[in-house]
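Worksheet for the structure shown next.
The values are calculated or read from the model by the stated rules, or taken from the named source; none is laboratory data. From a predicted model like this one, the values you see are computed outputs, not experimental measurements. Cβ placement follows ideal geometry from the backbone for every residue including glycine, while neighbour counts extend to all protein chains displayed. Note: accessible area is taken over every heavy atom of the protein model, side chains too, but ligands, DNA and RNA are not part of it. Shrake-Rupley method; radii C 1.70, N 1.55, O 1.52, S 1.80 Å.
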Amino acid sequence: MTATDPTAHLTAEQIEELGRELDAIRDEVIAGRGEKDAAYIRKVISAQRKLELVSRGVLLFSIFPPAWLIGTAGLSVAKIMDNMEIGHNILHGQWDWMRDPKIHSTTWEWDHVSPSDQWKHSHNELHHTYTNVIGKDNDLGYGIMRVDEDQKWHPFHLGQPLWNFLNACFFEYGIAAYDLELGKNLHKRRRKNPEFRARARAVGRKIRKQVLKDYVIHPLLSGPSFLPTLGATFTANLVRNLWTHSVIMCGHFPEGVQVFERRSIEGETRGQWYLRQMMGSANISGNKAMHFMTGNLSHQIEHHLFPDLPSNRYAEVAVKVRALFKKYELEYVTGPLPKQVFSAWHKVFRLSLPNKKPKVKTPDSVRELVAA
C-alpha cells in the first residue's frame, strides 16, 4: 500500500499475459529437471553431513581455542546449510519429483525446533499463498511489528526494533511460536482446543530433542570440553538464527517492497497472484557463495514465483524474470546484502514511530486499479 501504485500502468490483459509468460518459464524448467539436479542436492546433503560431523568432532577438543574457533565456524555453516539450501527447499517439495523417500517433503525433518509439518502449513500454505497480505501472512512482521504506514500505530510499536532483534537471536523459536499462532491461541478458551494442544505438544517434543542433542549429549561427549562445547553450540545456533533472519528480512521488508490489504486478493487471478509475488519480494545480489548460503533465497522473487522449482535453477530463471520486469516496466528490487539489511532495519525503525503526515488513501490492489 503506497501513495503511488507501481502497477497502475498495467491493463488486465497485460497482467494475464505476464502470468502466461511466467507459466512458460516454470514449464520449461520442470521439463528440464534431471540427473544433474538430483546429483546437486545429494552432493549438498553429503557435504553438509560431513561438515557437521567433522565440526562436532573438532569441538570434542574445544577446550583448546583453535579447536573451538574451527569447530564453531564449521558447525555454524553446517546448520545454515541444513536450514537454508537443504531443509527449507526440500520441505517446499522442490525435490519430490526425484521420488526418493529420503529426500522428500513428506519425510524430511530438519535441525530446527519447529516440526516440519507445522512449518509447511504456516510457510508453504499460508505465507506463500498470502504473501505480504496484512493479517493473513504471519511471516510479514512475524506478528510483532508494524509493517505499513496504513496500520494503526500503538505505543507498543516503539519497541519493535528491540522485539525484532530478540526475534533474530532466537529466530527458530520465534518461527515455532508463530507456526503455533501463539498470539491468538494463548487465549484461555483457545488453549483448551485439542488441535492446538496437540500441536503445542509436538513443538515441545521437538524442542526437547534439539536441546538434548545440542546442549546435553554433544557437550557430555566432550568430557573436559563440556562448557566450551556448550558455548560453541549456542554460538552456532545464534549465528544460524541471525543469518536466516537477515535473509528473510531482506526478502520481504526492504523499502520498495509492497504490502497488501486482505480485500485486495478477493477474486485474485493467476496473473494477479504472480504480480503480487513480484511486488512483495526482493532479492539479494552477490556471488555464487552468497546465493548458496542463503539457500538461494537471495533469489526471493523467483522463489516466490516458483516455490517448487529446484533452488539450483533460480539463477538461470532470474535472468528471464528480470527481463519480464523490464518489459512490463516494474521495479526489480535487489541489492547487496548490507544495503538490503540496512533498508529493512531502517523500515523497522521508521514504522516504530507514528506517521509524521496524514496517510494518503490509495487503491490497494492491482485488480481494483484495473476495474477502475
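Of the residues P115, P224, P161, the one that moves most in a GNM of the chain with alpha-carbon contacts below 10 Å is P224.
What number comes out for accessible area per residue over region 1-125 if the probe is 1.4 Å? Units Å², please.
Values: 5890 Å² over 125 residues.
For region 1-125, the solvent-accessible area averages 47 Å² per residue.
The distance from the alpha carbon centre of region 257-312 to that of region 1-62 is 9 Å, rounded to a whole number.
Taking all protein chains into account, the per residue accessible area for region 174-316 stands at 43 Å² (1.4 Å probe). Which residue fluctuates the most in the chain, going by a Gaussian network model with Cα springs under 10 Å, if the choices are T233, T11, T244? Between T233, T11, T244, it is T11 that shows the largest mean-square fluctuation.
Axis of helix 35-59 versus longest Cα principal axis of the chain: the two differ by about 40°, to the nearest ten degrees. For S285, the residues whose modelled amide H falls within less than 5 Å of its own, excluding neighbours fewer than 5 places apart on the same chain, are G335, L337.
The alpha-carbon of K152 sits under 15 angstrom from the alpha-carbons of these aspartates and glutamates, leaving out residues fewer than 8 places away in its chain: E261.
Mean separation of Cα pairs under 8 Å and 6 or more residues apart, divided by the residue count, gives the chain a relative contact order of 28 percent.
Principal-axis analysis of the Cα atoms of the chain puts helix 12-32 at an angle of about 30° to the longest axis.
Comparing mean-square fluctuations of A232, A73, A282 from a GNM of the chain with C-alpha springs under 10 Å, the top value falls on A73.
For the peptides 84-93, 260-269, residues were scored by their other Cβ atoms within 10 Å and the scores averaged per peptide; the highest-first order is 84-93, 260-269.
In the chain, what percent of the accessible surface is made up of carbon and sulfur (1.4 Å probe, ligands and nucleic acids excluded)?
Numbers: 11210 of 17660 Å².
Result for the chain: 63 percent of the exposed heavy-atom area is carbon or sulfur.
For region 6-106, the relative contact order comes to 19 percent (Cα pairs under 8 Å, sequence separation of at least 6). The angle between the Cα long axis of helix 160-169 and the main principal axis of the chain comes to about 40°, on a 0 to 90 degree scale. A cut-off under 12 angstrom between Cβ atoms defines the neighbours of H127, and their net charge, with Lys, Arg +1 and Asp, Glu -1, is -2.
Averaging Cα coordinates gives a centre for region 216-233 and one for region 85-154; these two points are 32 Å apart.
Across region 244-259, computed HN-Hα scalar couplings (Karplus, 6.51 cos²θ - 1.76 cosθ + 1.60, θ = phi - 60°) run 5, 4, 4, 4, 5, 4, 5, x, 9, 10, x, 4, x, 7, 8, 10 Hz from first to last residue, x flagging Gly and Pro.
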